[in-house]
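The values are calculated or read from the model by the stated rules, or taken from the named source; none is laboratory data. Note that this is a predicted model, so its numbers are computed, not measured. We place every Cβ from the backbone using ideal geometry, glycine too, and count neighbours over all the protein chains shown. These accessible areas exclude ligands, DNA and RNA; they are computed on the full protein's heavy atoms, side chains included. Shrake-Rupley method; radii C 1.70, N 1.55, O 1.52, S 1.80 Å.
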Amino acid sequence: QVQLVESGGGLVQPGGSLRLSCAVSGIPFSICTMAWYRQAPGKQREWVAGITSGGSTNYADSVKGRFTISRDNAKNTVSLQMNTLKPEDTAVYYCNARLVSQDYWGQGTQVAVSS
């Protein structure tokens, strides 16, 4: 059974930081491309950041320089370090694993940025 379990969401003030984690089981994590997506209320889900099996990273322009994606193949986890958070970063954040052409999703974790 494939499972992606996110953690680390919460409420933070503007300018603050959060670190999201996603624990993956049931698929060969080391060969998956991993990504984080987010969905704000009333908006479509959008891609935030991705990391290949080889460790190459890419970011949406809106988070470049503020967010960092990383992976630990020994622990089957992917993380998203979010710094200098803005109110517009408020969303449910989803972990995504892509294996060949198959996508797997976590249940999401809420991030709220507000004073």
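If the condition is being assigned to a strand (DSSP E or B) and either more than 12 Å from the chain's Cα centre (by Cα) or exposed (fewer than 14 other Cβ atoms within 10 Å of the Cβ) (or both), then the stretch 58-80 contributes N58, D72. The criterion of being buried (at least 21 other Cβ atoms within 10 Å of the Cβ) and polar (S, T, N, Q) does not hold for N83. Per the conditions (1) surrounded by fewer than 16 Cβ atoms within 10 Å (Cβ to Cβ); (2) hydrophobic (A, V, I, L, M, F, W, C); (3) touching a strand residue (DSSP E or B) at 6+ places or on another chain (Cβ under 8 Å), the sole criterion not satisfied by V100 is (3).
Just one of the numbered conditions (1) at negative phi; (2) touching a helix residue (DSSP H, G or I) at 6+ places or on another chain (Cβ under 6 Å) is not true of N76: (1).
Scanning the stretch 81-113 for residues being over 14 Å from the mean Cα position of the chain (by Cα), among the β-branched types (V, I, T) and in a loop (DSSP other than H, G, I, E, B) gives a total of 2.
Scanning the stretch 66-91 for residues that are out of contact with any Phe, Trp or Tyr (no Cβ under 6 Å at 6 or more places or on another chain) and touching a residue at least 60 places away in the same chain (Cβ under 8 Å) returns S79, Q81, N83, T84, L85, K86, P87. In the stretch 4-15, the residues that are under 20 Å from A35 (Cα atoms) and open to solvent by less than 50 Å² (accessible area, probe 1.4 Å) reach residues that are outside any strand (DSSP E or B) and of a type outside the set (F, W, Y) with C-beta atoms within less than 7 angstrom, at least six apart or across chains, in these pairs: L4/G106; E6/G106; E6/Q107; E6/G108. Considered as a group, the residues in the stretch 27-52 that are open to solvent by 60 Å² or more (accessible area, probe 1.4 Å) and part of a loop (DSSP other than H, G, I, E, B) include one that is nearest to L4 (Cα to Cα), and that residue is P28.
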